[in-house]
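Presented below is the structure to which this report refers.
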Ligand SMILES: [Zn+2]
């Protein structure tokens, strides 16, 4: 049972792969929020041993596509009155813009700096994303 008693109203981003919470904090630009944000690292998880959790004490809109791209196993709980009122399921988005960056030095995005970096889902079962310009595969491990 997720302990949400410290959050009265807001969001709890749960089941983050251990060690990934700072990446999510940075990508979702949570540093720009005025409300309190708590990061819990290496919380115990029955499923995967360890996990990270982010608690945000405000009902903000977060980009669920971006979270789904980072890890579709993450869950987002909406909290109101100290209780979970909604659990959002994440899915792999068809495209992501300026979340992943193409590392191919011959890609047009390396030359045309103003172009958005867009990756398209080409294989849902294998979770393969490719750059829409040069088809370079995105490798989340790098
Ligand atoms: Zn590219």
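Just so you know, all these numbers are worked out from the coordinates, no wet-lab data involved. All figures in this text were calculated on a predicted structure; none of them were measured in a lab. Neighbour counts are summed over all protein chains in view; Cβ atoms, including those assigned to glycine, are modelled from backbone coordinates with ideal geometry.
Using the alpha-carbon centroid of each, what span in Å lies between the range 8-71 and the range 84-138? Between the Cα centres of the range 8-71 and the range 84-138 lies a distance of 21 Å. Just checking the listed ones, 112, 57, 29: in the Gaussian network model of the chain with Cα springs under 10 Å, the one fluctuating most is 112.
Residues within the reach of a label modelled at residue 140 (point 7 angstrom out along Cα to beta-carbon, backbone nitrogen below 15 Å), restricted to the range 80-117, are 90-97, 99-101.
Given q = 0.22 Å⁻¹, what are the Debye log10 I(q)/I(0) values for the chain, with equal point scatterers placed on the Cα positions and solvent ignored? At q = 0.22 Å⁻¹ the computed log10 ratios are -1.33.
When only Cα pairs under 8 Å and 6 or more residues apart are kept, what is the percent relative contact order across the chain?
Numbers: 259 pairs, mean separation 30.2, N = 142.
In percent, rounded to a whole number, it is 21.
A Gaussian network model of the chain, with springs between Cα atoms under 10 Å, assigns the largest mean-square fluctuation among 119, 69, 101 to 101.
Can you tell me the order of 85-91, 128-134, 18-24 when each peptide is scored by its average per-residue count of other Cβ atoms within 10 angstrom, highest first? List each step's numbers first, then the result.
Details: 85-91: 12.3, 128-134: 17.7, 18-24: 16.0.
The packing order, highest mean first, is 128-134, 18-24, 85-91.
Using the Cβ-Cβ distance between residue 20 and residue 84 with R0 = 30 Å, the FRET efficiency computed as 1/(1 + (r/R0)^6) comes to roughly 0.85.
One decimal place: the segment residue 91-residue 50 gains 12.6 nm when fully extended, by the rule 0.36 nm per residue minus the C-alpha distance.
Given only helices, namely DSSP H runs of n ≥ 4 each adding -39500 (n - 2.57), what is the per-residue ellipticity at 222 nm of the chain, to the nearest 500 deg cm²/dmol? Walk me through the intermediate numbers first.
Details: 3 runs with 18 residues, N = 142.
After summing the helix terms and dividing by residue count, I get -3000 deg cm²/dmol.
Here each label is just a point 7 Å from Cα along the line to Cβ, and for residue 126 and residue 112 those points are 2.8 nm apart.
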